[in-house]
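Below you'll find the structure, written out as structure tokens, and then a few comments.
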Amino acid sequence: MELLISLGQGLLNTLKDVIPIAVIIFGFQLLVIRRAIPNLKKVLIGFTYVLIGLVLFLQGLEQALFPLGKLMATQLTAPEFLFKGLAEIPNQIHWQDYMWVYIFAAAIGFATTIAEPALIAVAMKAQEVSGGAISVWGLRIAVALGVSVGLTLGVFRIITGTPLQYYIMVGYAIVIVQTFFAPKMIIALAYDSGGVTTSTVTVPLVAALGLGLASTVPGRSPVLDGFGLIAFASLFPIISVMIYAQLAEWREHKKQRRKQDAL
Amino acid sequence: MKSQFSSFFKHFIASARDLSAIVAVIAFFQLVILQQPIPNLADILVGVLLVMLGLTFFIRGLEMGLFPIGESMAYAFARKGSVFWLLAFAFCLGFGTTIAEPALIAVAAEAANVAAVGEMIAHTDAAMNSYATGLRYTVAVSVGIALVVGVLRILKGWPIHYVIIGGYITVVVITFFAPAEIVGIAYDSGGVTTSTITVPLVTALGVGLASSIKGRNPMLDGFGLIAFASLTPMIFVMIYGMVML
């Protein structure tokens, strides 16, 4: 019964999300394009599936993964856990003390990105458009590795209290340099993959991690230092996707050279 | 019917595989590192099942509804040849999908809280509410503008990296002038604006446009709309922070 009530609640929330989109699409379709939508019935069924899918997805996350993941983020950052073996909590905290937090950030960043529906959508489109040169799994793993590295660095930044903008600027500089060396066809997709990584699954867990850290590390304030993890998680996939394309190109070159040598 | 069922089943297995990593990470940290039992195991199993079902339905709906409608609209606009209506559509899509975005509502409320704690605005509900609402409209307008610029880029065939690099430089320059308290939120707001429904729709629109316009390559020109939509909010939120103080 409780499950049904909260599913109903979820349906209402998701509807609020979907209705503006539906109004814009059907409004323009009817008033501006003035043509019947091809396969209208199929499209409507598809919209219903998307709606049902999101409701179940969010409900399941709320019920199963978020409470545990958020609790975990708080527990892992608590001084009682970090200094379990010691008689008292030391005054001075070093960034190395947070070993498990780094590992957790890397692992959860990778795992949530793999399950991110928006990324699956973009990867499917990319595989279709590139004629298979970019594979769904290749792209998803490249993006997930990027988020993983990004979150680990972001956690390091909160623990050390260093200014966010310097990291981001260095990241931008790397992206700009890479842009000139990466294969042309990947560039737009790589820039896009920064934005798609952080949505439904990743944001709540990452926010909990940032908040947990900022409120337990001495000298940090949750309101000021808790932000920035999402920025890291949207910057590093751009770098990792370009590396992925560069590696693929390099491998292709090597294969061709070997073929030429054999001739 | 039978083939539909088997395709559903195949999607379901794929969803299970997609989720296995999260389940493994959480189980490992809970049991091995924190050494605690997993509470309400039955609830969690039901939840995981719901997530799997949800992902399966979502992907199916994507292929049946969101992708085709995004593409068919792109083709229809290209055939109609009215740049004005295409840009109007892009703006509405960006604005309309962002203003209702739950992640953005949460971030805006948090930002108002930060501003109040930092004594930049009064610590009253009314002041914080109006700050948060203003921020949401700012971000929504900026996403609308982003899609307009992005669609124009596809039409004109501008190389994406010049536009993006220009955007980065703007972000960096504004960072030096924006109040320090807003910078973290501004940088984060770029990531949260693009929701799970917007992304497939916008991607299909871009790819559809690039494939229906002569001389455009869907791989080179079709992607990039999301990138704009995650860049402009950073700029606009920092400007909002500067203007409001």
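The values are calculated or read from the model by the stated rules, or taken from the named source; none is laboratory data. Source: prediction; values computed, not measured. Don't worry about glycine lacking a Cβ; one is built from the backbone with ideal geometry, like all the others, and counts go over all protein chains shown. Ligands, DNA and RNA are excluded from the accessible area calculation, which covers all protein heavy atoms including side chains. Shrake-Rupley method; radii C 1.70, N 1.55, O 1.52, S 1.80 Å.
Applying a 10 Å radius around every beta-carbon, put B:213-221, B:38-46 in order of their mean neighbour count, most first. Mind showing how you got there, number by number?
Details: B:213-221: 16.6, B:38-46: 12.7.
Per-residue mean Cβ counts within 10 Å order the peptides as B:213-221, B:38-46.
For a Förster distance of 35 Å, can you work out the FRET efficiency between the beta-carbons of B:N129 and B:L31, rounded to the nearest 0.05? Write down the numbers at each step before the final one.
Values: r = 44 Å, r/R0 = 1.24.
That pair, B:N129 with B:L31, gives E of 0.20.
Which aspartates and glutamates have a Cα less than 17 Å from the Cα of A:K41, not counting those fewer than 8 places away in the same chain?
Candidates past the 8-residue exclusion: B:E63, B:E71.
Average partner chain C-beta neighbours within 10 Å, per residue of B:116-127?
Values: counts 1, 4, 3, 0, 0, 0, 0, 0, 0, 0, 0, 0.
For this peptide, the per-residue mean of nearby foreign Cβ atoms is 1.
Order of A:235-245, A:94-104, A:124-134 by packing, highest average Cβ count within 10 Å first? List each step's numbers first, then the result.
Details: A:235-245: 24.9, A:94-104: 16.2, A:124-134: 18.0.
Per-residue mean Cβ counts within 10 Å order the peptides as A:235-245, A:124-134, A:94-104.
Does chain B come out rounded, prolate or oblate, given a ≥ b ≥ c as the square roots of the eigenvalues of its C-alpha gyration tensor, rounded meaning a/c under 1.5 and, failing that, prolate meaning a/b above b/c?
oblate
Given labels modelled 7 Å from the Cα in the Cβ direction, how far is it in nm from B:K10 to B:K214?
3.8
Using only atoms on other chains, find how many Cβ atoms lie within 10 Å of each Cβ of peptide A:24-34 and report the average. Write out the running numbers ahead of the final one.
Working: counts 9, 9, 1, 3, 9, 5, 0, 1, 10, 10, 2.
For peptide A:24-34, the averaged partner shielding equals 5.
Can you tell me the relative contact order of chain B? Whole percent, Cα pairs under 8 Å, sequence separation 6 or more.
Numbers: 271 pairs, mean separation 59.9, N = 245.
Dividing the mean separation by the residue count of chain B yields 24 percent.
If packing is taken as the mean number of other Cβ atoms within 10 Å per residue, what is the order of B:191-198, B:73-80, highest first?
The most tightly packed comes first, giving B:191-198, B:73-80.
What does the structure give for A:224-235 when I average, per residue, the other chain Cβ atoms found within 10 Å of the residue Cβ?
Numbers: counts 8, 1, 5, 13, 5, 4, 10, 11, 3, 2, 10, 4.
Counting Cβ atoms of other protein chains within 10 Å of each residue's Cβ and averaging gives 6.
Mind running the shape call on the range B:154-198? Use the C-alpha gyration tensor, a ≥ b ≥ c as the square roots of the eigenvalues: rounded below 1.5 for a/c, prolate if a/b tops b/c, oblate otherwise. Kindly include the intermediate steps, with their values, before the conclusion.
Working: a/c = 4.33, a/b = 1.31, b/c = 3.30.
Oblate shape, in that a/c is at least 1.5 and b/c is the bigger or equal ratio.
Calculate the FRET efficiency for A:R34 and B:Y137 from the Cβ-Cβ distance with a Förster distance of 30 Å, rounded to the nearest 0.05. Walk me through the intermediate numbers first.
Working: r = 31 Å, r/R0 = 1.02.
E(calc), rounded to 0.05, equals 0.45.
Here is the link list: A:K16/B:K10; A:K16/B:K80; A:K125/A:K254; A:K255/B:K214; A:K125/B:K10. Which ones come out longer than 23 Å on Cα distance? Walk me through the numbers before you get to the answer.
Details: A:K16/B:K10 30 Å; A:K16/B:K80 31 Å; A:K125/A:K254 28 Å; A:K255/B:K214 34 Å; A:K125/B:K10 19 Å.
Beyond 23 Å between Cα atoms: A:K16/B:K10; A:K16/B:K80; A:K125/A:K254; A:K255/B:K214.
Could you report the range A:93-262's accessible area per residue, 1.4 Å probe, as an integer in Å²? If you can, show how the numbers build up before the last one.
Values: 6430 Å² over 170 residues.
Per-residue accessible area for the range A:93-262 comes out at 38 Å².
Of all accessible surface on chain B at a 1.4 Å probe, what whole percent is carbon and sulfur?
On the way: 6670 of 9680 Å².
The C+S portion of the solvent-accessible surface of chain B is 69 percent.
Leaving ligands, DNA and RNA out of it, work out the accessible area of A:L189 with a 1.4 Å probe and give it in Å² to the nearest 10.
Probe radius 1.4 Å; accessible area of A:L189 about 0 Å².
From the square roots a ≥ b ≥ c of the eigenvalues of the alpha-carbon gyration tensor of the protein assembly as shown, which class results: rounded (a/c under 1.5), prolate (a/b over b/c), or oblate? Write down the numbers at each step before the final one.
On the way: a/c = 1.31, a/b = 1.27, b/c = 1.03.
Since a/c stays below 1.5, the shape of the protein assembly as shown is classed as rounded.
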